[in-house]
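Only the coordinates and a few stated rules stand behind these numbers; no lab work does. Keep in mind the model is a prediction, meaning the values are calculated, not measured. With ideal geometry, Cβ positions are generated from the backbone for all residues, glycine too; neighbour counts draw on all protein chains shown.
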Amino acid sequence: MVSLRKTDIGSGFDLFYSSDEKSGGLLQRKDIEEAYTWDITHIYASEALWDADFSWVDTHQASIKEFEGRLGESADILLAMFKLDQEITVKLEHLYLYSMLAKDQDLREPHYQGLDNRIKTLYSDYATTASYIMPELVALDKNIIRQYISTLSELKHYGHFFEELWRTKEHTLPKEQEELLASSSRISDLPYDAFSIFTNADLKFPEYQDEDGKTSQMTHGRYQSALYSPDRTYRERAYKAYYAPYKDYANTLSVLFNGGLKSKIFYSGARKYSSSLESSLDKNNIPVSVYENLISSVSDNLAPMHRWMDLKRKMLRLESIHPYDVYVGIFDKKEEKKYTYEEGIRIVKEALKPLGNDYAKMLDIAFSNRWVDVYETPGKRSGAYSSGTTFGMHPYVLLNWNSLLNDIFTLAHEMGHNMHSYLTGKHQQFVYADYSIFLAEVASTFNESLLLEYLLKNAASKEEKISLMERYLNNVSATFYRQTMFAEFELLVYQKVERGEALTPDELREMYSSTYKKYMGPALILDEEEEYTWARVPHFYYNFYVYQYATGFAASEALAQQVLTEGEPAVERFFSFLKAGKSDYPINILNKAGVDMASAEPVIRTAQKMNAILDALESLIDKK
């Protein structure tokens, strides 16, 4: 429910970044076999049915106002409000899911952009109409609510919801102010919306000379693939071509960047938080100390990251490395092995066997019923995501398959999100049928950890094992260290704007540059292009999102080792985690699963594991 679930209009859980492609040489969507495209008719069999639900919500949303001023009259009145709010919000979520998936198939298509704009407006309208609910519930006597819950069985599952409501009482505003904030959501998303459309649909990438010496147009997908190429001159060409438009439009992108920050700062101040960080974390009852401890503990354990960068420099026989060298394989100089999508599915299923038959059956349902959109096509949103939990509807996954080992890890990652959302929606009441962003990256990186363990165990040669160790080191660099680096940069820019200072493109470049150098160490030389990374990462519009990649990685590493060493008891705890939704606070849910993220231990253990992998890798190298 919009008012009670605090639903954010977003695009699920993203990996890497999101953009569409504007390239020649890709297959058109009409030429892709249907089995490799998602089937959005599961949501609505036709757009006419979408329009019918849209009209129903538009007509009935005002009915929620009939309960205004009456929520304390009786338990029956309170329950009736909950039921109507749920009915309306379920339809809103289905409407939004359909329009988002349709739009992301081809971001150049104005019709689906129109659907997206319509549903966002309707969401905002209903949020405004229902905005009285939270202030009115907060104002009710706790004893009356507890009496209602104890006397009416259908209200009993709202116990945690009300405890959470009372916890955040001081940040819930009077009715008129809540209405104003709700109505302002129509403009608060404009910086991100403009960034997304600009970088997805309007930004033109230049032509460049590809790996075969042919002239091609740069795309997001080709850039990702190029970073793994053994041809260094090609990597550099692709890198510079990719960043060229971000440099050209740095002024425009800095305005959008600042607008996104100021929007979040406005809302945090309006709700009487001391900072945007506190506001963002308080939604999930995460102490600010968790964020600060992540940055400080990782900062105290940068030696493994610096060690890895220096080892990479030595193995590449370079005086120094550049950002476009960070992901390339340093041992196997042959052409990277290609995998079909079907091979990727088989490998992922084998790797996840420790989770048992029930998990395998759920994967089969997803793969055989077109929950996944597989291949890159012109106009399609790039990167990868899972659509998240939509009550009463299975989640979807977007991929852009490039046939590399990296795509198999992406598939495992997104199916972790997918199964988390599926089980949450299946086992939780509507009010809890979602999970916090703090938990979102745990199931996904857990799957990646099991996949790596499986591949290492089944490595056919020392060389393959070395390559997989390298894969782990790249992964911990990107997901743990890099995301913490992003988190520190994000905190610094928010603090600067909260002090009333402006962020020019040059200042953003300098702040990002100094943070990057700190994390990557002395072996790496920073190219000018890398200083514009702030201009292309959509997660900086998500308001302190990225730190959860790092905490999720640390938690998932711990959980994966528990599953592999303990077996069934740990599997049962993990399934309870996947089913928990928002029925408890995220820190508590992870505690029950077996990880204490309020401590620094999981973060420190991750750094220690990286050091251990480096030790093993260097030992194997010496024996070659």
Between LYS142 and SER274, with labels modelled 7 Å along Cα→Cβ, what's the label distance in nm to one decimal, could you check? 2.3
How big is the charge dipole of the chain about its Cα centre, in debye rounded to the nearest 20, if each Lys and Arg gets +1 on its Cβ and each Asp and Glu gets -1 on its Cβ? 880
Using mean Cβ contacts within 10 Å as the protection proxy, how do 38-45, 150-157 order, highest first? 38-45, 150-157
Extension gain from GLU319 to ARG232, taking 0.36 nm per residue of separation minus the Cα-Cα distance: 29.9 nm
If every Lys and Arg gets +1 and every Asp and Glu gets -1 at its Cβ, then about the Cα centre the stretch 539-622 yields a dipole, in debye to the nearest 20, of 440
Starting from the Cα of ASN117, step 7 Å toward the Cβ, then list every residue of the stretch 174-199 with an amide N under 20 Å from that point. 183-199
Given (i) -0.31, -0.57, -0.92; (ii) -0.47, -0.76, -1.06; (iii) -0.38, -0.68, -1.03 as candidate values of log10 I(q)/I(0) by the Debye sum over Cα atoms at q = 0.06, 0.08, 0.10 Å⁻¹, which corresponds to the one derived from the coordinates? (i)
Spin-label pair ASP31/ASN369, simplified geometry with 7 Å Cα→Cβ offset, distance in nm: 3.2
Taking a ≥ b ≥ c as the square roots of the eigenvalues of the Cα gyration tensor, with a/c under 1.5 meaning rounded and otherwise prolate when a/b exceeds b/c and oblate if not, the stretch 116-173 is prolate
Which peptide among 357-367, 377-387, 174-184 comes first, and what is the full order, when sorted by highest mean count of other Cβ atoms within 10 Å? 377-387, 174-184, 357-367
The stretch 445-582 shape via C-alpha gyration tensor axes, a/c threshold 1.5: oblate
Please report the net charge: other residues with Cβ closer than 11 Å to the Cβ of ASP58, K and R +1, D and E -1. -1
Expected output is a single nm value to one decimal: the length gained when fully extending between SER150 and GLU618, i.e. 0.36 nm times separation in residues minus the C-alpha distance. What is it? 162.2 nm
For the stretch 101-213, give the magnitude of the charge dipole about the Cα centre (Cβ charges: +1 Lys/Arg, -1 Asp/Glu; no others), in debye to the nearest 20. 780
Which distance in nm do the two modelled labels at GLU66 and ASN591 give, with both placed 7 Å along the Cα-to-Cβ direction? 4.3
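If the viscosity is 1.306 mPa s and the temperature 10 °C, what Stokes-Einstein diffusion coefficient in µm²/s follows for the stretch 160-289 when Rh is the Kirkwood radius over Cα pairs?
Once the numbers are plugged in, D ends up at 87 µm²/s.
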Cross-link partners among lysines for LYS247, C-alpha distance below 16 Å, same-chain residues fewer than 8 apart left out? LYS204
Between the residues GLN217, SER514, LEU311, the Cα farthest towards the positive end of the dipole of the chain, that dipole coming from +1 and -1 charges on the beta-carbon of Lys, Arg, Asp and Glu, is from LEU311
Give the calculated FRET efficiency between THR41 and ALA459 to the nearest 0.05, with a Förster radius of 56 Å applied to their Cβ-Cβ distance. 0.85
Ranked from highest to lowest mean number of other Cβ atoms within 10 Å per residue, what is the order of the peptides 441-449, 263-271, 392-400? 441-449, 392-400, 263-271
